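The values are calculated or read from the model by the stated rules, or taken from the named source; none is laboratory data. This one's a predicted model, so the numbers in the text were calculated from it and none came from an experiment. Cβ coordinates were reconstructed from backbone atoms using ideal geometry, including for glycine residues, and neighbour counts include every protein chain displayed.
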Amino acid sequence: MLALVLLVTIPTLKLAAQTIPPGVKIFTNAARNISVLHPSANIGVEFAVSERIALSTDIGVYYYHYVLDEPTDGLSLAAEGRYFFRRKWWFGAGISGSKINYTSYDALVHEDGETGTSQSYSVNKGLLLAYGLFGYRKYVGKRFFFGPQLGLGLGFMDRKIVGRASPEDRSVPIDLNIKGVRGDEWDNIVPAVKPGFIFGYRFSK
């Protein structure tokens, strides 16, 4: 939706004479490395396809779950497009897909609501997102760049529980029981909020 609104307003933008620097760029999103839910080490590559349009793709590797203090593994892939309307400012759109697996140890309550047990089980989470983007990019010299960005959109999450003795059990009320984080199996449409802070390097053309 954000990308659509911005595309409609393109004719009203006063384009600057400058264009984006040419060449292939590599970058990492530092905000994803410190995410409180599923941090991921990530790297991406961006190609300028015209004086104002750039396309990028990136891959991320999940390695931990800070909130639940649990080991995590998985991958994410994303593809994004950016339109630079004042060299430093840009908007765009993207899609991303993630597969996350982690082992959880939880206190569970049986269907009767009175008896319970504690056990470990695996959580397999899939996430597909589509979003609009808006950001700023600042160059330091001719090679290095950085800048904040924000993405807003919608996604679909599918969360499966594997290896639990009684899948119908639920987390006890005093425990962390957030949809898509812990508790029941779940699949639904979810909001996508993707803050970011990019650090990158531009290779010569």
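Checked against (1) farther than 14 Å from I100 by Cα; (2) in a strand (DSSP E or B), K142 passes all but condition (2).
Of the numbered criteria (1) modelled with pLDDT of 90 or more; (2) surrounded by 14 or more Cβ atoms within 10 Å (Cβ to Cβ), the one K138 fails is (2).
Against the list (1) within 17 Å of F145 (Cα to Cα); (2) more than 19 Å from the chain's Cα centre (by Cα), the condition D69 fails is (1).
Here is the figure for region 137-149: residues that are out of contact with any Phe, Trp or Tyr (no Cβ under 6 Å at 6 or more places or on another chain) and within 19 Å of A78 (Cα to Cα) total 1. Please verify whether F146 is surrounded by 15 or more Cβ atoms within 10 Å (Cβ to Cβ) and either modelled with pLDDT of 90 or more or under 26 Å from L133 (Cβ atoms) (or both), treating the condition exactly as stated. It is true that F146 is surrounded by 15 or more Cβ atoms within 10 Å (Cβ to Cβ) and either modelled with pLDDT of 90 or more or under 26 Å from L133 (Cβ atoms) (or both). Among the residues of region 64-107, the ones that are aromatic (F, W, Y) and either under 24 Å from N124 (Cα atoms) or touching a Cys at 6+ places or on another chain (Cβ under 8 Å) (or both) come to 4 in all.
Would you call L75 surrounded by fewer than 16 Cβ atoms within 10 Å (Cβ to Cβ), closer than 20 Å to D187 by Cα, in contact with a Gly (Cβ under 8 Å, 6 or more places away or on another chain) and modelled with pLDDT of 75 or more?
Yes, satisfied.
So which residues in region 43-67 are modelled with pLDDT under 90 and either surrounded by 19 or more Cβ atoms within 10 Å (Cβ to Cβ) or assigned to a strand (DSSP E or B) (or both)? Hits for region 43-67 are Y63, Y64, H65.
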